[in-house]
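J.: Below you'll find the structure I mean.
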Amino acid sequence: MLVLFETAAGYAIFKLLDEKKLSKTENLYLDFESPESASSIVKLKHFEKFSDTTQALAATAAAVDGKLNKILKKALKKVFKETQDQLLIADAKLGNAIKEKFSVSCISNNNVQELLRCIRSQAESLLSGLPQKEMAAMALGLAHSLSRYKLKFSPDKVDLMIVQAINLLDELDKELNNYIMRCREWYGWHFPELGKILTDNISFVKVIKLIGTRDNAGSTDLSDILPEDIEEKIKEAAELSMGTEISEDDILNIQKLCDQVLEISNYRGQLYEYLKSRMMAIAPNVTVLLGELVGARLISHAGSLLNLAKQPASTVQILGAEKALFRALKAHKDTPKYGLIYSSSLIASASVRNKGKISRSLAAKTSLACRVDALGDSAEPNTELGIGHRAKLESRLRMLEEGNLRKISGTAKAKAKFEKYHVKREVLSYQTGDDIFLQPGDKRKYEEDVKPKIEEISVEEGAESPPKKKKKIKQEIKVEPADDDEAGGADVSMEAGDEQQKRSKKKKKKDKSFGNEGELEQQLEEEPAGAEASPEKKKKKKKKSHSDEM
């Protein structure tokens, strides 16, 4: 059996002298305690040395990826010309590549790992001609080179430039706004009308750079920067300006500030083009869906493209609105519907009621695009997925804006049918022929025939209703003892007379209130005869009996 041992100086191929030792590796380290005992188990058959650090780095990078490089091929060809024994190797993936190339069986297991560990402990004695210092220097150089290589080509660090570029772009925008505000305020003391005429900041700065003071506005040609009508307005406003006079030193400092603004704006344009190219190279599908700036801000907020690909669609939707989310959860209110993706063109073109739906759909498609960009195997940027998803989102937005409902199809590939509902309303016309007219003669006859007389109504009511009984009025008379004087008797007779007057007044009021019903009451009073006496007669008898007693 042959053993492939990888070192920083080159590839070493050993011959295993005692194959039985491979089956029992529990106490194998005891056989490698001394160089003599180690040489009795394995023997160096061939050593392929690296010429320089670059060659060693290329061989190590290929071994890490499980690929067969040229140096290893050359060494194995020399060995396999003599014998076609089995090869013991540490990496199973590299063993498969060697097996496909040379048709040699490769073994990689725990026993092989233990054997290689024992060989590494006695590598200095087994590899003759390589001193310890040289091996240590080559190992240190290879370690540094491999670390730089991994840092340079790491999938986690490729998008580091995007993160730095978008952060710098945001900072440049803030600085530009501050500089331009300072320039407008500073020059506004001298020529305040210019700021109202020119709203574009770059044009404003360029005009200040050219004219200097407002006195030079009439003699300066501004046709390269501004259209003719605006140029005439500026010249007219310069003649009638209400600003204060400033010195030449002030104008020079303002113009230097304008130079800084122009330089920063030019550099910002270059940085934007660089960011656009990097986004198309690293995340093309995300760029097609969201745009360069929004996609770069999402990557920057997540930390890397791989971290963004690990996030679900619900997290991508509200990424950047964490404070609003936790504030809403704490107050038990509605959570935000969108975060950084709110600035994308698709959500900006949607109406207010459809922004939430489009943001949810866009976050789902963006999550898929991030995974394809981060974990895809294609070497060249492919934007087919992003273009297809964007077309679907635009059609969905169009459907939502029109107000149509999607019909659920049987399969995902089948096209949905759109049917518009039309309301059919029947309009009824007024038919004048169906009108009924009443003649005036008929109406008079109806009133004469039907209208009853008041006397008949009163007689019928009197016959039906039972006779009303009048309430008896109790007289409370204070009777004094017989021992009183004659003046007391006179007082009693006076009180009795007053009561009779009150009763007569009450009868007159009742007669007036009843009106026409007085006749009926008289008839009802005459009807009872015989033993039953009227209440008035009973009252008179009571009065007579009372007067007799007195």
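J.: For the range 20-27, take each phi angle, set θ = phi - 60°, evaluate the Karplus expression 6.51 cos²θ - 1.76 cosθ + 1.60, and give the result in whole Hz per residue in order, putting x for glycine and proline.
T.: Result, ordered by residue: 5, 5, 5, 6, 10, 9, 5, 10 Hz.
J.: Of the listed peptides 371-377, 300-306, what is their order by residue-averaged count of other C-beta atoms within 10 Å, with the highest listed first?
T.: With the highest mean Cβ count within 10 Å placed first, the list reads 300-306, 371-377.
J.: Mind listing the phi-derived Karplus ³J(HN,Hα) values for the range 312-321, rounded to whole Hz, using 6.51, -1.76 and 1.60 with θ = phi - 60°, and x for any glycine or proline?
T.: Result, rounded to whole Hz: x, 5, 5, 6, 4, 5, 10, 5, x, 10.
J.: Among Leu168, Met181, Leu140, whose Cα lies farthest out toward the positive end of the dipole of the range 134-229, if unit charges sit on the beta carbon of Lys, Arg (+1) and Asp, Glu (-1)?
T.: Going by the Cα projections, it comes out as Leu140.
J.: Given a 1.4 angstrom probe, I'd like the percentage of the accessible area of the range 224-281 that is carbon and sulfur, rounded to a whole number.
T.: Of the solvent-accessible surface of the range 224-281, carbon and sulfur hold 49 percent.
J.: Next up: Report ³J(HN,Hα) in whole Hz for each residue of the range 205-218, in order, from the Karplus equation J = 6.51 cos²θ - 1.76 cosθ + 1.60 where θ = phi - 60°; Gly and Pro get x.
T.: Values per residue, Gly and Pro as x: 5, 5, 5, 4, 4, 7, 7, x, 7, 6, 5, 8, 5, x Hz.
J.: Next question. Kindly report, to the nearest 10 Å², the accessible surface of Leu57 as traced by a 1.4 Å probe over protein heavy atoms only.
T.: 40
J.: If amide hydrogens are placed 1.01 Å from N in the peptide plane, which non-local residues have theirs closer than 5 Å to the one on Lys45?
T.: Distant-sequence amide H within range of Lys45: Ile13, Phe14, Lys15.
J.: Still on this structure, I have one more. Can you list residues from other chains, or at least 5 along the same chain, whose modelled amide H is less than 5 Å from the amide H of Gly10?
T.: Phe50
J.: Can you grab the distance from the C-alpha centre of the range 20-51 to the C-alpha centre of the range 172-249, Å, no decimals?
T.: So the two Cα centres are separated by 85 Å.
J.: When all protein chains stay in place, what accessible area (Å², nearest 10, 1.4 Å probe) is found for Tyr179?
T.: Rounded to the nearest 10, the figure is 80 Å².
J.: Now for a separate question. Whenever you get a sec, line up Cys118, Cys106 from highest to lowest accessible area (probe 1.4 Å, protein heavy atoms).
T.: The most accessible residue leads, giving Cys106, Cys118.
J.: Here's a follow-up. For the ranges 63-76, 22-35, what's the packing order if you count other beta-carbon atoms within 10 Å of each residue, average per peptide, and put the highest first?
T.: Ranked by mean Cβ neighbours within 10 Å, highest first: 63-76, 22-35.
J.: Per residue, what accessible area does the range 1-121 have, given a 1.4 Å probe and all protein chains present, in Å²?
T.: 54
J.: Considering only the other residues whose Cβ falls under 12 Å of the Cβ of Asn253, what net charge follows from Lys and Arg at +1 and Asp and Glu at -1?
T.: -2
J.: Further question: Which whole number of Å³ per residue matches the convex hull of the alpha-carbon atoms in the range 273-370?
T.: Here the figure is 90 Å³ per residue.
J.: Something else: Which GluC sites (Glu not before Pro) does the range 237-287 hold that lie in a coil by DSSP with at most 13 other beta carbons within 10 Å?
T.: Filter output for the range 237-287: Glu245.
J.: With 27 Å as the limit, write out which pairs from Lys209/Lys276; Lys45/Lys93; Lys99/Lys310; Lys24/Lys150; Lys24/Lys49 have Cα-Cα distances beyond it, or answer none.
T.: Listed pairs above 27 Å: Lys209/Lys276; Lys99/Lys310; Lys24/Lys150; Lys24/Lys49.
J.: Enter the accessible area per residue of the range 266-367 (Å², integer; probe 1.4 Å; all protein chains in place).
T.: Value for the range 266-367: 50 Å² per residue.
J.: Then there's this: Would you please give the residues with an amide H less than 5 Å from that of Ile107, counting only those at least 5 places away or on a separate chain, with H modeled from the backbone geometry?
T.: HN-HN under 5 Å from Ile107: Leu87, Leu88, Ile89.
The values are calculated or read from the model by the stated rules, or taken from the named source; none is laboratory data. What you see is a predicted model; the values in this text were computed from it and never measured. Neighbour counts run over all protein chains shown; Cβ positions are idealised from the backbone, glycine included. Heavy atoms of the whole protein, side chains included, go into the accessibility calculation; ligands, DNA and RNA do not. Shrake-Rupley method; radii C 1.70, N 1.55, O 1.52, S 1.80 Å.
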